[in-house]
Amino acid sequence: MIIHTAAQVDLVDAWSVFWSTVSSAFDGPLKVLLIVVGIGLIAFSLLKFVWDKRRGGSARQSPIWWTLGLGGLLIAPDILIPLALGILSWVINIALKVIGPVFG
C-alpha cells in the first residue's frame, strides 16, 4: 500500500485562514489593543516577579500565574497558537524527512 504525503506540512497557514475568518468580526483597533494589553500583562507580571525576588521578598507565585494566563489568553490566537503550530510543523517536516525514506 503506497501512501502519498505532502512535501511540506504547514499548519500555520491553515490556522491563519481560520483565524482571519473568525476575527474579521472584530478586526481593527480592538484586536491590536487586546494583543498589546496581553503582552503588557505578561511583561508586567514577569518584571514584578523578578523585582520582588531581587528585593528579597517571598515573591508569591499565585498572582503571576493568573496574570500570565490572562495575558496568554489575550495573545494566543495571534501569537502563541501560530508559534506552537510553526514549531509543530517544523517537527513534523523533520520527521517526514527522516522517516519518509524508510517507508519509501
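Throughout, read-outs are computed from the coordinates displayed, never taken from laboratory work. Keep in mind that what you see is a predicted model, and the values were worked out from it rather than measured. Glycine also receives a Cβ, built like all others from the backbone with ideal geometry; neighbour counts cover every protein chain displayed.
In table form, for the structure just shown:
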read-out	value
Rounded tilt (10° steps) of 81-103 against the dominant C-alpha axis of the chain	30
For Val22, Val37, order by how many other beta-carbon atoms lie within 10 Å, fewest first	Val22, Val37
Label-point separation in nm, Ile35 to Ile99, each point 7 Å along Cα→Cβ	3.4
The chain, helix-only ellipticity at 222 nm - DSSP H runs n ≥ 4, -39,500 (n - 2.57), divided by all residues, nearest 500	-25000 deg cm²/dmol
Relative contact order [Cα under 8 Å, 6+ residues apart], region 39-104, whole percent	33
Semi-axes of the equivalent ellipsoid for the chain, Cα gyration tensor, largest first, Å	38, 22, 8
